[in-house]
Amino acid sequence: MKFLQSFLISSLLFLSQPSYAEESAPLPTQFQIATQGIANFFWDIPVSMTHNFLSFLGMDDFNFLVHHHYQNPVSSPFRVFLGNQHKRLPTQDDYFPFVNLPEDFDDLLEVQYGLCSGVAAMHRRFNMLAYYDPENLFNQPVPSKETHYLAWYKFYQDKINQIARLQPTIIPGFRNLAEFSESELNTYIRKVVVNEWVHLNINLSGLVQLRGIRKNFHQRDATRLYDTIKKRLSLGYNPIIYLAMPGDYKGGAENWIHVLQVTSLSEMQKDGGYSFRVTDINEYDVRSADREVIIHYDQEEQNPKAIWVHDFSELSAVYLVPTDDREVTQMVKNKLEWCNFSQYHRNLCLRGELPQYYLPSFNN
């Protein structure tokens with residue numbers, strides 16, 4: 001993550017570097033790939049400024065959707081997530097076979113900082129947007145893998161791209177995320193994870209929040225964090241947060257930042273303490289990935305402490321990823337349109353139910 005302070009200065013030196021997708025080119029470093037996202041950084045500046053201003057006023061699209069949810073929960077726009085609720089606490093079937101470790105990406109790039117934001121984001125997108133249809137009951141025109149392999153591969157590439165663009169889709173021929181991402185599509189999914197890491201990190205909101213990290217966790221942080229997590233979990237999805245350990249986030253020192261999905265939240269205690277659980281995408285076994293962060297009140301220092309229970313490290317910051325509300329908003333908008341395409345789509349969105357028989361061909 002420390003590259004964020006320096007990549008703008010160095011980026012022009014690397015703009016002529018070949019894309020990491022070119023198989024003949026030497027493996028690029030993660031920093032080189034980050035600099036290729038400079039166009040996204042400048043494009044994002046007016047978008048981030050507009051969103052942050054409207055969010056401050058409570059007039060952004062996310063707050064509009066939340067207002068509608070509280071005004072009429074029966075017709076809440078967040079009902080589009082009802083059919084995916086069982087995937088919010090994932091099983092091994094709803095999990096990638098790769099994790100946020102350098103050896104799982106060393107055929108694509110030289111990992112320097114970790115890819116946790118890309119892995120966490122794509123994991124949530126698949127579990128909230130993808131519906132698996134192993135028998136192809138929706139009768140999609142899937143090319144033959146045996147006789148038209150390239151067309152077959154492109155068909156599923158398009159499915160992955162739809163997920164990356166926050167579009168819901170039905171994936172025929174596979175039972176779940178684990179089976180799909182263990183197939184020949186594995187390399188392409190990992191490439192998309194790298195692309196999304198660039199997109200999620202090289203933006204104005206992320207840079208501003210990174211430079212705003214304080215050295216200590218404060219009471220106002222604890223209260224705001226609790227309200228933020230509780231509100232979003234109640235809407236039917238797992239918010240994505242980042243944890244930071246104490247460090248010099250304005251300089252070039254080695255820093256630790258980890259991005260995770262929150263899966264549950266405890267009640268707040270009388271002293272203001274609470275805990276929440278996350279999915280740690282550094283673990284291959286989903287049971288080991290279920291970890292805890294504890295916020296407790298330190299009587300001696302008269303201040304709350306945030307503890308990463310995995311190794312009992314003290315955290316200096318726990319924040320919602322700054323682009324998360326924007327991503328969820330777009331996800332909801334896209335699902336609202338998709339879910340109303342047919343009664344079968346509505347059944348998937350609301351109950352996660354496939355049809356009981358083969359349908360006329362759908363282009364999903």
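The values are calculated or read from the model by the stated rules, or taken from the named source; none is laboratory data. Since this is a predicted model, take the numbers as computed values, not measurements. Cβ coordinates were reconstructed from backbone atoms using ideal geometry, including for glycine residues, and neighbour counts include every protein chain displayed.
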- prompt: Would you pick out the residues in the range 327-346 that are surrounded by 21 or more Cβ atoms within 10 Å (Cβ to Cβ) and either of a type in the set (Lys, Arg) or not in a helix (DSSP H, G or I) (or both)?
  reply: LYS335
query: Among the residues of the range 46-75 satisfying the criterion of being among the aliphatic types (A, V, I, L, M) and at pLDDT 80 or above, which is farthest from PHE105 (Cα to Cα)?
result: VAL74
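Against the definition (closer than 29 Å to ARG326 by Cα and modelled with pLDDT of 95 or more), how does GLN112 come out, yes or no?
Against the criterion (closer than 29 Å to ARG326 by Cα and modelled with pLDDT of 95 or more), GLN112 does not qualify.
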query: Which condition breaks for PHE174 when tested against (1) part of a helix (DSSP H, G or I); (2) over 30 Å from THR50 (Cβ atoms)?
result: (1)
- request: Go through LEU82, LEU137 for me and flag whichever is under 30 Å from PHE155 (Cβ atoms), at pLDDT 95 or above and assigned to a loop (DSSP other than H, G, I, E, B).
  value: LEU137
query: Just for strands (runs of 3 or more DSSP E) wholly inside the range 190-309: which have at least 3 residues that are at pLDDT 95 or above?
result: 257-265, 274-279, 290-298
field: Pairs with Cβ under 6 Å, 6+ apart, first in the range 303-326 and in contact (Cβ under 8 Å) with a residue 24 or more places away in the chain and more than 20 Å from ASP271 (Cα to Cα), second aliphatic (A, V, I, L, M) and surrounded by fewer than 21 Cβ atoms within 10 Å (Cβ to Cβ)
entry: SER313/MET245
query: Taking into account only those residues within the range 292-323 that are surrounded by 15 or more Cβ atoms within 10 Å (Cβ to Cβ) and polar (S, T, N, Q), which is nearest to the chain's Cα centre (by Cα)?
result: THR323
- request: Output the number of the condition that LEU354 fails; it satisfies all remaining conditions of (1) of a type outside the set (Gly, Ala, Ser); (2) surrounded by 15 or more Cβ atoms within 10 Å (Cβ to Cβ); (3) assigned to a loop (DSSP other than H, G, I, E, B); (4) free of Cβ contacts under 8 Å to residues at least 24 places away in the same chain.
  value: (4)
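Yes or no, residue by residue, for (1) of a type in the set (Val, Ile, Thr); (2) farther than 30 Å from HIS67 by Cβ:
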residue	(1), (2)
GLU292	no, yes
GLU300	no, yes
LYS305	no, yes
ASP311	no, yes
VAL328	yes, no
LEU350	no, no
message: Going by what's in this entry, would ILE38 be described as at pLDDT below 90, β-branched (Val, Ile, Thr) and exposed (fewer than 12 other Cβ atoms within 10 Å of the Cβ)?
response: no
- prompt: With ASN176, ASN127 as the choices, which residue is buried (at least 18 other Cβ atoms within 10 Å of the Cβ) and under 12 Å from the mean Cα position of the chain (by Cα)?
  reply: ASN127
message: Filter the range 102-116 down to the residues that are assigned to a helix (DSSP H, G or I) and either touching a helix residue (DSSP H, G or I) at 6+ places or on another chain (Cβ under 8 Å) or surrounded by 15 or more Cβ atoms within 10 Å (Cβ to Cβ) (or both) and list them by number.
response: ASP104, CYS116
Check on SER55, closer than 29 Å to VAL286 by Cα and either without any contact (Cβ under 8 Å) to a residue 12 or more places away in the chain or in contact with an Asp or Glu (Cβ under 8 Å, 6 or more places away or on another chain) (or both): no
query: Just one of VAL99, VAL119 is closer than 30 Å to THR29 by Cβ, in a loop (DSSP other than H, G, I, E, B) and of a type in the set (A, V, I, L, M); which is it?
result: VAL99
